[in-house]
Amino acid sequence: MKKLIAVFLCMLIALSTLTATAVFAQEAPAEGTVITIEEADTVSDTDSYVLTDDGEPVLKVVRVKEFGATAALSDTAANEYYTAEFMIPESDYSVFLTGLTQDNVGEIRQAIIDSYVEGEDFSLTNLGFIDAEKTKETDGDENLCWAASTSNLLTYTGWAAQAGFDSADDLFEAFIDAFEDKGGNVKFATGWFINGVSASSLSQPREDTGKYLPQYNYTDLVEEFDMIQNCAGQLSTVYDRLKNGSGVSLSLNIYGTEGYEGSHAVTCWGFVTDVRYPKTSKQFYKSIFTTDSDSHKYYVTDGKDRRDADDVMSLFALEPVEQEGADTYQFDITQKQIAMITTAVTIMPFSEDVPHETSPDATLDMINSPDIILDPFVLTDDPEQDNTVTTFTPNATIYYQPYMMNAANADYYGKLSLQISVKDSQGNEVYAKAFNYHQNLTIPSETGMRYNKESFNKKLPVGDYTITASFNSSHQTAEAYFFNNTRSIGFKVREQYLIGDIDGDEEVSAVDVTMFQRVIARMEINVDDKMKQRGNVNDMDGLDMLDVTFLQRYLAHVDIQYPVNELRFYN
């Protein structure tokens, strides 16, 4: 059942250690002052500090200033965003939550003090969460949940501020003014905001709207995940994106007592997870934090606007579901409705390092000009596979295949020119090939083409390499962007070894146990880095008796959880 974050934190934080750090921190500052609950009034919320009770840490706050990487455009801590990550006491559950502000952190601190000193219930409400809200149905925003969620994400990741928007509600109203009140999705809403483009089958914007940051390409910023199949595996990537500063939106199918009712979009801010399981396991994800543009829309009446609505973050318990080809999660979004997760969209955070167009030849117009992106770029040792790998043996035949995708609304019509170059770690070119068509060819909008897989005409020795593909490098055909016409992949060539084969004879045997024991006894055996890697059975630092024990158990055909006799690449 839906609960306010205040209720959840009431149960969990009172005895927890809370760590708050800015989402886009490059380097955390010093922890600052250690204070007791009694001294809490002496510390400023703009400082870094650790709050303790009887010597035990209760709350840790770290302020990290990373201007230009958040929505903050001025030197004020109140506009910075924070994450919280802590263990639930006496449990195996971990909490990760983002989208907090300096004001949230101060409220949490005081609530914890009240809970400790006064024995009061822990309660937090309306703390300025990023939560663009709809209003009553006649305001033309009834079907724009996707635009509201996009507004939350662009505000959180800093892109909205770069375009001059002060809040998610301000940006949401720009969407409302520009779009029909129909369905859409976050990916193409971001395309409209950055480049002025939209999907033809969805809600259409008015002409000459959007395109606030045309020097960037939205396809480089947005990633979409199909969550219907292998949702836990996909969610592990989404979870990593969220922890690394990206914004996350979830698309849902809503089911009521009469069956399917429609689709919906909410913004994801965190998870409760069970640390006993790997991130790709269904059992890892227990609950989810969201904000929802529908949560208080009907309360915004009588002359009030959407900014008067409470900003509410909710917690939902996740339930794995497998039915009719679906392998995903669902949760009770209301007392009468179930929401099934179908799609996730992530938007990377703004920073000065995000690649963007600098060439004067680029039109920056994805509506009337084509835009070729080299994605995917396949690198493999199996000509039948399209999954890129980055480590190969010296005798491997390495194949490459860049895919030339036209991401714009206009067709590409012109000559096709593609150059491939492979360089070693010293910058020496060890392979090069050019593919050129002198007749004009067409790559239609939102489609692509690829050459057949090609292989290097030589085996590469052990070392580090980079392969680079460059399309239309002379700018013969006009494009919206040229910076994304080049794609590089770093890869390695390494020898392989068997785990447990400490003597290096390509066989795991009792001889390895004997040599292992001699190494540990520090007898006169030359132990080099390769021997250490071969003998590191338990994947811990150094070689010890545990490695020998696991090797002995393997040779005695006793089941162990370590990969003895498996092939690995040397570092």
Q. Using Cα pairs under 8 angstrom and six or more residues apart, how large is the relative contact order of region 419-571, in percent?
A. 20
Q: Starting from the Cα coordinates of region 358-479, work out the convex hull volume and express it per residue in Å³.
A: 117
Q. With every protein chain in place, what's the accessible area of Ile489 (1.4 Å probe, Å², nearest 10)?
A. 20
Q.
Taking loop as defined by DSSP and a crowding limit of 13 other beta carbons within 10 Å, which GluC sites (Glu not before Pro) in region 443-548 fit?
A. Glu446, Glu495, Glu506, Glu507, Glu524
Q. What FRET efficiency would be calculated for the residue pair Gln517, Thr393, taking the C-beta separation as r and a Förster radius of 30 Å, to the nearest 0.05?
A. 0.45
Q. Rg (Å, one decimal) plus Dmax (Å, integer) for the alpha carbons of region 141-187?
A. 9.9, 28
Q. Label Asp361 and Asp181 with points 7 Å out from Cα along Cα→Cβ: what is the distance between them in nm?
A. 4.8
Q) Computed FRET efficiency, Cβ-Cβ of Lys458 and His438, R0 25 Å: what is it to the nearest 0.05? A) 0.35
Q) Just how far, in whole angstrom, is region 447-499 from region 346-410 if you go by their alpha carbon centroids? A) 9
Q: Would you kindly derive the ³J(HN,Hα) couplings of region 453-459 from the backbone phi angles with the Karplus curve 6.51 cos²θ - 1.76 cosθ + 1.60 (θ = phi - 60°), listing them in order in whole Hz, with x for Gly and Pro?
A: 4, 10, 10, 5, 8, 7, 7
Q: Give the relative contact order (percent, whole number) for region 169-250; include only Cα pairs under 8 Å separated by 6+ residues.
A: 23
**Q.** Where Rh is the Kirkwood radius over Cα pairs, Rg/Rh for region 157-311
**A.** 0.98
Q. Trypsin sites (Lys or Arg not before Pro) within region 135-232: which are DSSP loop residues with at most 10 other Cβ atoms inside 10 Å?
A. Arg206
Q.
Using the Cα atoms of region 507-571, I'd like the radius of gyration and the largest Cα-Cα distance, Dmax, both in angstrom.
A. 11.2, 32
Q) Roughly speaking, what % of Cα-Cα pairs in region 407-455 are separated by over 15 Å, rounded to a whole number? A) 59
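Would you mind getting the accessible area per residue of region 321-465, heavy atoms of the protein chains only, 1.4 Å probe, in Å²?
I get 51 Å² per residue for region 321-465.
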Q: Would you tell me the accessible area of His356, worked out with a 1.4 angstrom probe on the heavy atoms of the protein chains, in Å² to the nearest 10?
A: 70
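The values are calculated or read from the model by the stated rules, or taken from the named source; none is laboratory data. All figures in this text were calculated on a predicted structure; none of them were measured in a lab. Cβ sites come from the backbone with ideal geometry, for glycine too, and all protein chains shown count toward neighbours. Only protein heavy atoms, including side chains, enter the accessible area calculation; ligands, DNA and RNA are left aside. Shrake-Rupley method; radii C 1.70, N 1.55, O 1.52, S 1.80 Å.
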